[in-house]
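The values are calculated or read from the model by the stated rules, or taken from the named source; none is laboratory data. Source: prediction; values computed, not measured. Glycine gets a Cβ as well: all are built from the backbone with ideal geometry, and neighbour counts include every protein chain shown. Please note that ligands, DNA and RNA were not included when accessible areas were found on the heavy atoms of the full protein model with its side chains. Shrake-Rupley method; radii C 1.70, N 1.55, O 1.52, S 1.80 Å.
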Amino acid sequence: MKILYLEDDITLSDTVAEFLSDEGFKVSPVYDGEEALEQTYEESFDLFLFDVNVPKINGFKLLNELREANIFTPAIFTTSLKGIDDLSKGYESGADDYIKKPFALKELLFRIKALLKREFKSQNETTNISDDIKFNAFTNDLYIQEKKTSLNPKETLLLKLLLKHQNECVLLEDIYSELWSYDELYSDMSLRTYIKNLRKLIGKERILSIKKVGYKLVQ
C-alpha cells in the first residue's frame, strides 16, 4: 500500500514515515502542497495522509482540488486545529478521517488500517476486460495474465471512463473534462499517448478511434 504523506515538520515526517514503513507501507513524504499535488499526477496512491497548515497549498484546498479532479483516493487529515468549523472544513473538502495532533503512532495505524479495510470492501471492483486481462478499480491496478501493471493517474481515469461506457463512444469533450481539471489545459497529443499506452496493454483492437468524435472500448 502506497501513502502520500504531506507534513512540513521534518522531524515528525521522518518519525511517522519510518513507523509506517516498518509496518509495511510504502511512504512518499512531501513537505508542501504544491509538491503533493505534483506527486498525485505522477503516480497513484492508496492513501493520502495530509497535514492542514502547510506551505503553498493548505491541506483543505489541496484535497478539494484533487476531489474536483476526480481523484478519490482515501484521505486522512492530521492537524493541530481543534475547532468544529475546522473539522467541518476537513470533511467538506473530501476527507474520510481526521486525527488531531499530537497523536499516538499506533492510533494512526489503527485508523489507516480501518479506513483501507472499509474502502477495500466497498470499492474492490474487478472488471474483466478479457479472459486474461482484469482491472481493479480500487487499487487502480491492471492485471495481464495475473501480472500486475500500474497505470499513471490520467491513464487510470481514461480506462475507468472507457470501461464505464464500454461499447459506447465516449466523446472527446467528456474525456477532456474527466482527465483534466478546470485550471489545466487539455492536450490532444497527451491523450493520443494515453490511448497508445492503453492499446499496448489491452490490445489495439479493443480501443476504437471515432475520428474527431471520441473513443470506444469494445469487448
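For this structure, a couple of remarks:
- When Rg and the Kirkwood Rh are both derived from Cα coordinates, the Rg/Rh ratio for the stretch 142-202 amounts to 0.97.
- In terms of overall dimensions, the C-alpha atoms belonging to the stretch 1-83 reach 33, 29, 21 Å along their principal axes, ordered largest to smallest.
- Among the listed pairs K56/K106; K2/K61; K117/K196, those whose Cα-Cα separation exceeds 25 Å are K56/K106; K117/K196.
- FRET E, pair H165, D9, Förster distance 35 Å, beta-carbon r, rounded to 0.05: 0.20
- Share of pairwise Cα separations in the chain, more than 22 Å, in percent: 54 percent
- The amide H of L47, built 1.01 Å from its N in the peptide plane, has K2, L4 as neighbours under 5 Å, considering only residues 5 or more places off or on other chains.
- Here the chain exposes an accessible surface that is 48 percent carbon and sulfur, computed with a 1.4 Å probe and the other protein chains kept in place.
- Solvent-accessible surface of the chain, averaged per residue with a 1.4 angstrom probe and all protein chains in place: 54 square angstrom.
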